[in-house]
Amino acid sequence: MKILKNYLYNAGYQLLVLLLPLITTPYVSRILGPNGVGDNAYTNSIIQYFVLFANLGISLYGNREIAYVRENSKKLTYTFLEIQIVKILTTVIAYTVFITFICWYTKYKHYLLLQSLNIVAVLFDISWLYMGLEDFKKTVIRNTLIKIISIILIFIFVRSSDDVGIYIFILAISTLLGNLTLWPFLNDILDRNIDIKELHPLRHLKPTITLFIPQIATQVYLVLNKTMLGVIEGTKYSGFYNYSDSLVKMVLALATALGTVMLPHIANAFANKEYDKVNKLLYKSFDYVTAISIPMAFGLAGIAKTLVPVFYGSGYYPVSKAIMIESIVIVLISWSGTVGTQYLLPTNRVKQYTTSIILGAMVNIILNFPLITKWGLYGAMMSTVFSELIVTLYQLLCIKNIVKLNILFTHSTKYIMSGIIMFIPVYIISLSMNNSIKAIILELVVGVVVYSTLIIMLRKELINEVTKKLKNKRG
């Protein structure tokens, strides 16, 4: 039940990070307009390169390392302090490089300076510590208040298309303050009796750089698309891409949250040489993730035509088709997240994980220019899908001799068939009804009923297992 609780907490945390812009999006998209939204998306895509360097792979590495030593208070303290020292150094370097950059690139300078608060926020992000300890409750609860306050501030202060800078500032400062709220709990976690001379932060540099490489590659096809669209098509299309990607990633967060929860759990089992347990956990989580991600992907694609004009307002029609193209990555990233984050990383197969991400990035870079040049926004979405497909296929090839792929995909056909059958009536409703909240509600209800009915018929053992766990929790 601890895994289920942590999954729910982490799903909440991931959604919280994404919900701030999405809760306010119907309002902001109308107030700032496509150009204002695009300016924010484009400048944020630039700042993310510096945020990436400041992080230097520490989020994944720190999570894993804390999981290895969490049962020893002194080792945990030294590990945390050493990793945090590395993060301080990388953040200072990243911000210095950023200042040099804006002296040369003066366009959107004001917006970029406001966005740079996101670099500072990296310095205070210690969520990896709590994830390694499998303590997700504190992260969610402490950040919730900050997020709610920032939402209120957006509705109060963002009043016209000239308030793009205010909007950027509120988003960035909320991230910084949210990270700061995690620090007061350190007194109850860390051992105060330490010898500074015994700290060896540089020993973490090489492994963090090893994990930094796949994160660079990941960032390429997460951010480069927005940057290239801004350069080739105009910042407005960066905004369209961002809005499509934000909705897809919000839905995806529910599925991939399990990966962050399982990483420390599997890493701890691997450290204790419980190899059979590691494989069993992988099989089970892969099945759950598939059961969740497939209806999410088909469901989002089915309601996209109705959702976009209702949610974003007029002028955002291209986002509907973009979502339909991109929605398949919900399944692909869920699978690669399970194999990569829940198996390759905790079992120290970092090289294979890194290679998969680099291959995906290379495909993205190769396809981006021709596809964006020919099809613009939709070309960028196609490039993203192909990239994620390569990552997933390579990771599956890496584990085919270690785990049994037929067990991983035992029930996948049932989920896919159920998802396709669910999509048909949902999409028909979206074509036949006027765009409205009532239509969206009807589409969601039909989708849930159809998929749930099919799963109850086809996967009774999964339903029985979930029901049993819920009963045990009440008991």
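Rule-based calculations on the coordinates, nothing more; no lab input. Note that the coordinates shown come from a computational prediction; the quantities given were computed from them, not determined experimentally. We place every Cβ from the backbone using ideal geometry, glycine too, and count neighbours over all the protein chains shown.
Numbers for the structure displayed
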read-out: The range 83-110 and the range 351-407: distance between their alpha carbon centers, rounded to Å; value: 30
read-out: Karplus-derived 3J(HN,Hα), 6.51/-1.76/1.60, for each residue of the range 178-189, Hz, glycine and proline x; value: x, 5, 5, 5, 7, 6, x, 6, 4, 4, 8, 10
read-out: Label-reachable residues, the range 45-64, where backbone N falls under 17 Å from a point 7 Å from Asp191's Cα toward its Cβ; value: none
read-out: Candidate aspartates and glutamates - alpha carbon under 19 Å from Lys74, same-chain residues fewer than 8 apart omitted; value: Glu65, Glu82, Glu134, Asp135, Asp188, Asp191, Asp195, Glu198
read-out: Förster radius 30 Å - calculated FRET efficiency between Tyr317 and Lys107 (Cβ-Cβ, nearest 0.05); value: 0.60
read-out: FRET E, pair Thr453, Asp135, Förster distance 41 Å, beta-carbon r, rounded to 0.05; value: 0.65
read-out: Residue list for the range 34-71, given a label point 7 angstrom along the Cα-to-Cβ vector of Leu199 and an amide N cut-off under 19 Å; value: 55-56, 58-59, 62-63, 65-66
read-out: Across Lys236/Lys438; Lys137/Lys414; Lys321/Lys438, pairs whose alpha-carbon gap is larger than 23 Å; value: Lys236/Lys438; Lys137/Lys414
read-out: Computed [θ] at 222 nm, deg cm²/dmol, the chain (DSSP H ≥ 4; -39,500 (n - 2.57); rounded to nearest 500); value: -28500 deg cm²/dmol
read-out: Packing-based ranking, highest mean first, of 323-335, 155-167 given that Cβ atoms within 10 Å are counted; value: 323-335, 155-167
read-out: Vicinal HN-Hα couplings computed from phi for the range 64-71 (Karplus, 6.51 cos²θ - 1.76 cosθ + 1.60; Hz; Gly/Pro x); value: 5, 5, 5, 4, 5, 10, 5, 8
read-out: Pair Met362, Glu71: separation of 7 Å Cα→Cβ label points (nm); value: 4.1
read-out: Stokes-Einstein D in µm²/s, Kirkwood radius over Cα pairs - the range 122-220 at 4 °C with 1.567 mPa s viscosity; value: 78
read-out: Out-of-range pairs (alpha-carbon distance over 29 Å; input Lys138/Lys284; Lys305/Lys351; Lys249/Lys374; Lys87/Lys249); value: Lys305/Lys351
read-out: Computed FRET value (nearest 0.05) for Leu81 with Leu389, which takes r as the C-beta separation and R₀ as 56 Å; value: 0.85
read-out: Convex hull projection area averaged over all views, the chain, Cα basis, nm²; value: 22.8
read-out: Sorted by Cβ density within 10 Å, fewest first, the residues His204, His110; value: His110, His204
read-out: Residue exposure sequence - Lys249, Lys277 - by fewest surrounding Cβ within 10 Å; value: Lys277, Lys249
read-out: Residue-wise HN-Hα coupling along the range 192-201, computed from phi with Karplus coefficients 6.51, -1.76, 1.60 (Hz; x: Gly, Pro); value: 7, 8, 10, 10, 4, 5, 8, 7, 10, x
read-out: Amide H contacts under 5 Å for Asp191, placed H, 5+ residues apart; value: Thr77
